[in-house]
């Protein structure tokens, strides 16, 4: 029996992972990778850290953990895999199981046979309809070559006024990489808040508040129309609302799946625009597999098809495809849209559905925002975090969790994602046996605490307004008392400036109940929500009928941002 | 209707948590806490951090997150809870629903009535059969008063030679608190390895190797017989194998549940020696609840009763009891024995069953040890971690995970604990959508990677020996080749000194296959296991019939400890 020919198109992440797994399972297979670009098996996600200087050596981005460059020689000697770089696959002859490829330098064509074909053709950056994108100083951040170019400009001291267009994960990683107090860094976002579609608007606004206080400038709901330049170099970004000086512009408006090859070969393309695969990662042609940024995925909660180009999917799917092209039956069932980001000292993470997303999909949901500490508050390394949880009404099924803060949020998101894989509900939370010690956690984990608070809300024990709802009540001119139960010092540092605000510390509340009007709605507020909840319970216990507290306290209040 | 009387005995953690929850649910209830000691609602787990100086202010250990001391006045004013400190409950009159208590200073007795009684009587430290424990300089670490005494001695410069007896969580937290290079710190452990019962012996040994290299002295399988002193102060610890100089001795040999009151009242005590409760936390008397360190729990995997005195259980059970004494029906189903520890720069965590534990319980298991990075290896903040996973053969059900390392392990343990709550198996791993970005994770999370490696082992794709097994083969004098595939530099830094070791880098292996004997068993070894796995697959692919690789590589090899 002659050895099986496994041909892989694409050598960034999904392809090499597939090759490595397939090789381990089938030592006799002929495994070949075709890659259009110059580098293979590189750490695209590491580019921002190279830009920021955290990673000094460019080579690290395509080296193994034991310091060997992952170049074609490495793949040949250590993996027994033939890699052709600078080689672009231009068509698939499905009938004869052949791929025609072209050398990108010489134009010479060659033919590769396959028994199993794997498409890891990835994605390409969206080019927005902006004039003069060909000016010098305009960058993308999608390939290693892009990172090299930006790094050269940064190192040459050419970059002082940076405008980043788009505030998704890539855009904000670019912000993290280039932001420093000596540069003017501005993000321009077509939608209304930071990380739209990733964070709910309330969470995105609170995150931006933090970045704004550090010096980042944000332009939201603003559309870039054109770039202007001098001597061929960009000098200014023109939007539908004004202009911004810029000597560097980074485009990060998202990516689209690279499906040209698949489409021309007649493979089924889904409504998301990406290649359709089944749970074995097979395309509509059972001998052709596809994975990574060029395929669509199934959302594990909604069952709907979604496009989610993430490195972790490419890698995990690589293992599945590696199994299946060598005779296995592994499955990849879908995704939850989990993502994490480090930006300007803040940890940002999310999984599942956001509130806006869930409502748009027709879910009957309840949500809560909770401000808390990531570990015991008396530990000097503790930091605040804000969590927002979304559950389905009735079933109490966890639908999503978002977290931002200087403190640890990624762990909580991972636990939530694990719960959601199993259809976990709020009723499971007290039985989650998560590790506790003062440097790691609070005795009741912040995610569990958030869920219990949401359970209180669902069961009518906790009656809350979100900060957004309080702001709307104030703006509508409603008559109510906003009872601030913090200490006078805390109040004086920062408070909501309004006549309807009344001060009374939690400690004096039981004794001074007569000072609180019984004929008005009372909304209690504190630093993080804990004392306000206590205060609300005290008032309710004392017979006050119309009492709520503001979720997340002043930690969740972004509406005085202009005061800073 | 008169208000319900809720009487709580014990004011450390479980009791106050119960009171707080009950108060929120029932504003009219008369809630009373009786506490024998001087402090209430304090952070016992914070004591080591006070000792180490990480927490400067003693008051922080019993203050709220907003800086208010949790003393009886606080409980009265903010919670409406009556607290009696220095008040010891001495008997329960179940027929008349009364508790007789005594003032510890005056001896005066008083009577407290209850509708619902809550026992949060906690635990007491085991006093081992060691002579002269009453010498000055002998400490425990169970109450705030203990922490104060040790801190005074540390600050007075009286503590240079410390001996810590017992290496459970408390013992190792004490090590973390007092260890510094200017002191001689020795741990004495009756059992054979560090953290026995918490980590498997192989993991405990590897952890000790790290601590030993930092300067900690360990005496294992050694029993303390007596202490010797001069002028009433301890000077020496005498064991069954020798003696150790000591000007301070910390006893940390564990705790036992404090069940005297319950037992004398005729409540059922379990085989573990702790109070029996149902999942509503009710004792054998339905009007008496018990929780925290004085009760036994159900292990969620085995269904067996276990004694696990952990702060997180006390807190979570406090919420359950708070619900139930006010008419609710909340449940606490059990525990997984999850625990985390920070000690001497290392993160230590475990959940579920260990290998030794699982085998002793009769489980048919398989396990693996994997050395890996906690985030992308090219990120400068990345650190190595060692994970050991245990699953049930056949069902592939996750039974346990242990982790040690400078890198992040707590997150992985929490995810594993979450999976175990739902009966998760190795087949679920590729569908766990955990957050990935270079500062947080590897594209395939280390825990998932470990599980996939274990799956390879179960399916015969990866054939391994544990480091322990390799050591045993060497000691038995077996004829085999230990093929070290690292670079010459790595080999020269540290290697297994034995004639059976052969050197050949992974990169040259495919070309130099003729140098590897075909008639002997080959065991490949590398830094962390990755290259050894590749090498084994190459050899197998080339027709070598008898090939295995050593799990976890030299990272998992502690047997040259004396060389350091």
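The values are calculated or read from the model by the stated rules, or taken from the named source; none is laboratory data. Fair warning: this is a prediction, and the values are worked out from it, not measured in the lab. Please note: Cβ atoms are built from the backbone with ideal geometry, for glycine as well, and neighbour counts cover all protein chains shown.
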Those residues of region B:1-56 which are in a helix (DSSP H, G or I), more than 10 Å from chain A (Cβ to nearest Cβ) and either under 19 Å from residue B:76 (Cβ atoms) or touching a strand residue (DSSP E or B) at 6+ places or on another chain (Cβ under 6 Å) (or both), in sequence order: B:15, B:16, B:18, B:19, B:22
Top-ranked residue of region A:57-75 - restricted to ones that are within 8 Å of chain B (Cβ to nearest Cβ) and part of a helix (DSSP H, G or I), ranked as farthest from the chain's Cα centre (by Cα): A:74
Matching residues in region B:483-501 - criterion: being assigned to a strand (DSSP E or B) and either at pLDDT below 95 or touching a helix residue (DSSP H, G or I) at 6+ places or on another chain (Cβ under 8 Å) (or both): B:483, B:484
Number of the condition not met by residue A:450 [criteria: (1) touching a strand residue (DSSP E or B) at 6+ places or on another chain (Cβ under 6 Å); (2) more than 8 Å from every other protein chain (Cβ to nearest Cβ); (3) closer than 30 Å to residue B:350 by Cα; (4) surrounded by fewer than 24 Cβ atoms within 10 Å (Cβ to Cβ)]: (4)
Residues of region A:113-137 satisfying the condition of being part of a strand (DSSP E or B) and crowded, with 22+ Cβ neighbours inside 10 Å: A:116, A:117, A:118, A:119
Qualifying residue in region B:309-330 (condition: buried (at least 23 other Cβ atoms within 10 Å of the Cβ), closer than 25 Å to residue B:452 by Cα, within 12 Å of another protein chain (Cβ to nearest Cβ) and at pLDDT 95 or above): no
Condition met for residue B:453 (within 22 Å of residue B:550 (Cβ to Cβ) and either in contact (Cβ under 8 Å) with a residue 12 or more places away in the chain or part of a helix (DSSP H, G or I) (or both)): yes
Residue check for residue B:162: at pLDDT 95 or above, over 28 Å from residue B:274 (Cβ atoms) and not in a loop (DSSP other than H, G, I, E, B): yes
Within region A:332-350, considering residues that are part of a strand (DSSP E or B) and more than 7 Å from chain B (Cβ to nearest Cβ), the one farthest from the chain's Cα centre (by Cα): A:346
Pair list, Cβ under 8 Å, 6 or more apart: region A:480-508 residue within 12 Å of chain B (Cβ to nearest Cβ), other residue in a strand (DSSP E or B) and surrounded by fewer than 16 Cβ atoms within 10 Å (Cβ to Cβ): none
Residue list for region B:108-128, restricted to those being at pLDDT below 95 and farther than 25 Å from residue B:320 by Cα: B:125, B:126, B:127, B:128
Residue within region A:466-476 that is in contact with a helix residue (DSSP H, G or I) (Cβ under 6 Å, 6 or more places away or on another chain) and facing another protein chain (nearest Cβ under 9 Å) present: no
Odd one out for residue A:382, checked against (1) closer than 19 Å to residue B:401 by Cβ; (2) without any contact (Cβ under 8 Å) to a residue 40 or more places away in the chain: (1)
Filter result for residue B:386 (outside any helix (DSSP H, G or I) and over 15 Å from residue B:556 (Cβ atoms)): no
Within region B:76-95, tally of residues that are within 11 Å of chain A (Cβ to nearest Cβ) and either under 34 Å from the mean Cα position of the chain (by Cα) or more than 16 Å from residue B:6 (Cβ to Cβ) (or both): 3
Residue, surrounded by the most Cβ atoms within 10 Å (Cβ to Cβ), within region A:509-528, restricted to residues that are assigned to a loop (DSSP other than H, G, I, E, B) and within 14 Å of chain B (Cβ to nearest Cβ): A:526
All positions within region A:408-443 that are crowded, with 24+ Cβ neighbours inside 10 Å, more than 25 Å from the chain's Cα centre (by Cα) and either over 23 Å from residue A:336 (Cα atoms) or more than 8 Å from chain B (Cβ to nearest Cβ) (or both): A:435, A:436, A:437, A:438
Failed item, numbered, when residue B:211 is tested on (1) touching a residue at least 40 places away in the same chain (Cβ under 8 Å); (2) farther than 26 Å from residue B:468 by Cα; (3) surrounded by 18 or more Cβ atoms within 10 Å (Cβ to Cβ): (2)
Qualifying residue in region B:218-237 (condition: in contact (Cβ under 8 Å) with a residue 60 or more places away in the chain, surrounded by 23 or more Cβ atoms within 10 Å (Cβ to Cβ) and either touching a helix residue (DSSP H, G or I) at 6+ places or on another chain (Cβ under 8 Å) or within 14 Å of another protein chain (Cβ to nearest Cβ) (or both)): no
Residues located in region A:534-551, provided they are closer than 21 Å to residue A:369 by Cα, within 13 Å of chain B (Cβ to nearest Cβ) and in contact with a helix residue (DSSP H, G or I) (Cβ under 8 Å, 6 or more places away or on another chain): A:534, A:535, A:537, A:547, A:549
Filter result (touching a strand residue (DSSP E or B) at 6+ places or on another chain (Cβ under 8 Å) and part of a helix (DSSP H, G or I)) within region A:171-191: A:171, A:172, A:173, A:174, A:175, A:176, A:178
Top-ranked residue of region A:142-169 - restricted to ones that are touching a helix residue (DSSP H, G or I) at 6+ places or on another chain (Cβ under 8 Å) and within 14 Å of chain B (Cβ to nearest Cβ), ranked as surrounded by the fewest Cβ atoms within 10 Å (Cβ to Cβ): A:144
